[in-house]
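This report refers to the structure that appears directly beneath it.
The values are calculated or read from the model by the stated rules, or taken from the named source; none is laboratory data. Keep in mind the model is a prediction, meaning the values are calculated, not measured. Cβ placement follows ideal geometry from the backbone for every residue including glycine, while neighbour counts extend to all protein chains displayed. For accessibility, only protein heavy atoms count, side chains too; no ligands or nucleic acids. Shrake-Rupley method; radii C 1.70, N 1.55, O 1.52, S 1.80 Å.
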Amino acid sequence: MTSALSAYRAYREYLSLDTLLDLQKPNTGQPDELLFVVVHQSHELWFKEMLHELGGLQMALSAADSGHALRTLRRLRAGFAVLTAQMEALETLTAGQFDAFRERLGGSGFYSAQFREIELVLGRCDGDVARQFPESSRARARIEDRAGRPRLFASFLEYLAACGYPPHDVRLALRMLERDDTVAAQVCEGLRDLDQAFQEWRFRHAVLARRVIGDKSGTGGSTGAEFLRSTVFTPSFPELWHVPDPQ
């Protein structure tokens, strides 16, 4: 019994479960709001993990560590698959159920600082993104710091150079990768897969917004579903989506 009690306490303490399970505080008495809160909090936890893995991926690419890069790419794709699957849970909300608590929401995913960081790592170059957040806030400082760091594609170019491919002529490098069919080609495909997984999440998010709010403005002041649709089918690494000409 003592051993079981110790293991029980160790599990709860290791995961800070008492704190974690007390963090869901819906603003209304609507029964469907808890789902919304849980999914969005879960997203933020996964965003934290994704940023951690993206940092590791950049280090692996810069060090030309193909094995580590491939393993990390698989984990990142799996992470985006989890995020996309969570959209299915939110799709169980009807427009009426969401509208019942929407006006009392405390905020919007539009202001997820971690998601903005992910966008920057994946290639977003919009210098105004930090201005959405209050001056002197921790979120703004993190985003400004992230905006000043190299993007993931720059790390991939370092990797190409280390593997003997021309980093300043991506189309030529892609043709050479296609011809050689080495582990470097697998890393390139892994980046395409990651890009696709991110686009798939964006697509499901846009469809969900259209489903529950129609053409209304977004909760955070954006144009809502229209804004989200504008982000769909916009690759993070457009250079990788050019099909090499046959030789």
Would you point out the residue of region 154-204, among those that are under 21 Å from residue 77 (Cα atoms) and of a type in the set (Lys, Arg), that is modelled with the highest pLDDT?
-> 192
Kindly indicate whether any position in region 109-118 is in contact (Cβ under 8 Å) with a residue 12 or more places away in the chain, open to solvent by 60 Å² or more (accessible area, probe 1.4 Å) and over 18 Å from residue 47 (Cα atoms).
-> no
Looking for whichever is touching a Gly at 6+ places or on another chain (Cβ under 7 Å), of a type in the set (A, V, I, L, M, F, W, C) and either under 25 Å from residue 161 (Cα atoms) or open to solvent by less than 30 Å² (accessible area, probe 1.4 Å) (or both) here; the options are 83, 51, 73. Which one fits?
-> 73
Mind listing whichever residues of region 209-247 are under 18 Å from the mean Cα position of the chain (by Cα), modelled with pLDDT under 85 and open to solvent by less than 80 Å² (accessible area, probe 1.4 Å)?
-> 227, 228, 230, 231, 232
Per the filter on region 87-107, residues surrounded by 17 or more Cβ atoms within 10 Å (Cβ to Cβ) and within 16 Å of residue 33 (Cβ to Cβ) are 90, 93, 97, 98, 100, 101, 102, 105
State which residue is nearest to residue 120 (Cα to Cα) when the search covers only region 152-169 and only residues that are part of a helix (DSSP H, G or I) and hydroxyl-bearing (Ser, Thr, Tyr).
-> 155
Of all residues in region 181-205, which are open to solvent by 60 Å² or more (accessible area, probe 1.4 Å) and closer than 17 Å to residue 67 by Cα?
-> 181, 183, 186, 189, 193
Filter result for residue 142 (open to solvent by 60 Å² or more (accessible area, probe 1.4 Å) and within 13 Å of the chain's Cα centre (by Cα)) = no
Every residue from region 166-180 that is surrounded by fewer than 17 Cβ atoms within 10 Å (Cβ to Cβ), without any contact (Cβ under 8 Å) to a residue 60 or more places away in the chain and either within 18 Å of residue 190 (Cβ to Cβ) or in contact with a strand residue (DSSP E or B) (Cβ under 8 Å, 6 or more places away or on another chain) (or both) = 167, 180
Which listed residue, of 3, 62, 42, is more than 30 Å from residue 105 (Cβ to Cβ), of a type in the set (Gly, Ala, Ser) and either surrounded by 11 or more Cβ atoms within 10 Å (Cβ to Cβ) or in contact with a Phe, Trp or Tyr (Cβ under 6 Å, 6 or more places away or on another chain) (or both) | 62
